[in-house]
Amino acid sequence: MTSNKHIIHMDQDAFFVSVEVKKDPSLIGKPVIIGGTSDRGVVASCSYEARKFGVHAAMSSRMAKMLCPHAIFVKGNMDAYSKASFEITEILRERVPLIEKASIDEHYIDMTGMDRFHGVLKYAHELRQTVMKETGLPISFGLSVNKTVSKMATNECKPNGELNVEQLKVQDFLNPLSIRKIPGLGEKTFVKLSDMGIKKIHTLTQIHPDQMNTILGKNGLVLLQKAKGIDHSPVIPYQEQKSISTQCTFKADTIDVDTINNLITSMVMDLAFDLRQKKKLTACITVTIRYANFEDVTRQATISYTSLDSVLIAKAKELFRQLYQKRMLLRLIGVRLSNLVTGHEQIDLYSESQEQYSLYQALDKIRNRFGDKAIKLASTLNIDL
């Protein structure tokens with residue numbers, strides 16, 4: 001199968017660590033871990049020096065300390081990371097025809113058709129040099145015929161690398177790689193296929209589609225396509241969502257503060273779930289109330305970047321307590337989350353326990369499978385306002 005597409009995948013090298021190293025050059029070449037400093041914390045990111053000891057993101061801080069006892073733990077600063085991410089995005093967006101921001105530290109760029117005017121590989125190299133020169137942060141890229149292969153190329157050449165995988169060399173590039181390298185192939189699927197003797201991409205490509213469908217369903221067919229270097233997913237134009245919100249107008253005006261607080265909990269849980277599904281974090285929460293006389297009162301607060309229910313619920317209830325001063329009947333309440341940035345779920349877990357992180361993942365899995373109303377806190381079940 002031939003393709004005339006030219007897709008660049010650009011990915012920052014150990015992004016959070018790189019930002020910290022830029023601020024403190026004494027960290028250069030040392031095993032650095034960004035994340036919770038307590039034993040119950042979670043690793044958000046780590047340097048390549050720490051990865052050599054088996055440390056990785058989402059690992060408990062306690063385990064990270066056992067694997068790399070001489071590591072330097074840094075709490076982290078999401079504001080700094082978000083600012084750096086924005087700067088990089090703007091540099092790229094000004095210089096390419098079509099860009100997708102896949103996460104806080106990676107971008108896809110579609111240069112299809114531009115090869116008539118630029119040598120795409122040369123242009124990608126110049127883009128990388130520009131980002132490093134203007135931000136002082138390292139970045140790598142992979143260039144190939146689609147998003148899957150370009151991302152895998154980036155992962156193979158990091159850190160501080162460039163790799164071009166041309167159409168005729170795609171399968172030769174993929175075949176010797178572990179199936180674990182395929183984007184979207186999770187740990188359970190890896191174990192299942194490994195138990196069947198399927199450990200290399202070349203072996204996976206030999207499996208008949210019907211058998212893959214039997215083993216893994218539709219996801220198996222998608223993985224088989226990726227193993228063969230096939231991916232038709234488009235580069236989606238970058239447009240950062242600024243906010244998400246929800247509001248509720250009561251059936252009858254009320255002063256039932258306890259029930260309103262339970263409603264706030266339910267509203268925020270829905271918004272936080274939406275954030276995590278979109279891999280977003282928020283740094284600003286706003287609560288609005290409307291009195292029976294139609295007077296609207298609003299208060300907002302800036303917070304550390306997060307997508308966690310517990311943090312957002314507590315802040316929303318605090319804002320409501322500050323707002324509701326007149327003790328008049330209320331007819332509406334609204335909650336808005338703004339200053340959104342793209343980021344991984346774990347990046348704000350500097351002080352959260354691994355158990356809480358696991359809880360949110362479990363709740364999200366239930367909602368994804370059975371619907372976003374499938375599980376709720378008991379206090380939010382019988383709200384009737």
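The values are calculated or read from the model by the stated rules, or taken from the named source; none is laboratory data. As the structure is a prediction and not an experimental result, all values here were calculated from the model. As a convention, Cβ positions derive from the backbone with ideal geometry for all residues, glycine included, and neighbour counts pool all protein chains shown. Just the protein is used for accessible areas: all its heavy atoms, side chains included, with ligands, DNA and RNA removed. Shrake-Rupley method; radii C 1.70, N 1.55, O 1.52, S 1.80 Å.
Things worth noting here:
- Taking residues in the stretch 145-158 that are closer than 13 Å to GLY184 by Cβ, and partners anywhere that are polar (S, T, N, Q), the pairs with Cβ atoms closer than 7 Å and at least 6 places apart or on different chains are LYS147/SER233.
- Filter result for the condition that a residue is under 30 Å from GLN167 (Cα atoms), modelled with pLDDT under 95 and open to solvent by 20 Å² or more (accessible area, probe 1.4 Å), over SER233, SER245: SER233
- Residue in the stretch 37-55 that is of a type in the set (Asp, Glu) and modelled with pLDDT under 95 present: yes
- Contact annotation: residue pairs with Cβ atoms under 7 Å, 6 or more positions apart or on different chains, pairing a residue in the stretch 241-268 that is in contact (Cβ under 8 Å) with a residue 40 or more places away in the chain and charged (D, E, K, R) with a partner that is open to solvent by less than 50 Å² (accessible area, probe 1.4 Å) and in a loop (DSSP other than H, G, I, E, B), are LYS242/LEU340; LYS251/LEU385; ASP253/ALA292.
- Here GLY29 clears all of (1) open to solvent by less than 50 Å² (accessible area, probe 1.4 Å); (2) in contact with an Asp or Glu (Cβ under 8 Å, 6 or more places away or on another chain) except the condition numbered (1).
- Across the stretch 310-332, the number of residues qualifying as assigned to a helix (DSSP H, G or I), in contact (Cβ under 8 Å) with a residue 24 or more places away in the chain and of a type in the set (D, E, K, R) comes to 2.
- Residue that is farthest from ASN261 (Cα to Cα) [pool: residues in the stretch 304-328 that are touching a Lys or Arg at 6+ places or on another chain (Cβ under 7 Å) and open to solvent by less than 20 Å² (accessible area, probe 1.4 Å)]: SER307
- For the stretch 232-263, the set of residues classified as more than 21 Å from the chain's Cα centre (by Cα) and not in a helix (DSSP H, G or I) consists of HIS232, THR246, GLN247, CYS248, THR249, PHE250, LYS251, ALA252, ASP253, THR254, ILE255, ASP256, listed by residue number.
- Any chance LYS279 is modelled with pLDDT under 90, at positive phi and not hydroxyl-bearing (Ser, Thr, Tyr): yes
- Scanning the stretch 266-308 for residues that are under 13 Å from the mean Cα position of the chain (by Cα), in a strand (DSSP E or B) and among the charged types (D, E, K, R) returns a single hit, LYS280.
- Meets criteria (open to solvent by less than 20 Å² (accessible area, probe 1.4 Å) and in contact with a Phe, Trp or Tyr (Cβ under 9 Å, 6 or more places away or on another chain)) for LEU281: yes
- Selected residue (only one of LEU223, LEU174, LEU204, LEU168 is surrounded by 15 or more Cβ atoms within 10 Å (Cβ to Cβ) and without any contact (Cβ under 8 Å) to a residue 40 or more places away in the chain): LEU204
- Members of the stretch 264-320 that are within 18 Å of ASP253 (Cα to Cα) and not β-branched (Val, Ile, Thr): ARG290, TYR291, ALA292, ASN293, PHE294, GLU295, ASP296, PHE320
- Screening the candidates GLU162, GLU134 for the property of being touching a helix residue (DSSP H, G or I) at 6+ places or on another chain (Cβ under 8 Å), modelled with pLDDT of 95 or more and under 30 Å from ILE303 (Cβ atoms) yields one hit, GLU134.
- Of all residues in the stretch 178-198, at least one satisfies being in a helix (DSSP H, G or I), open to solvent by 70 Å² or more (accessible area, probe 1.4 Å) and in contact (Cβ under 8 Å) with a residue 12 or more places away in the chain.
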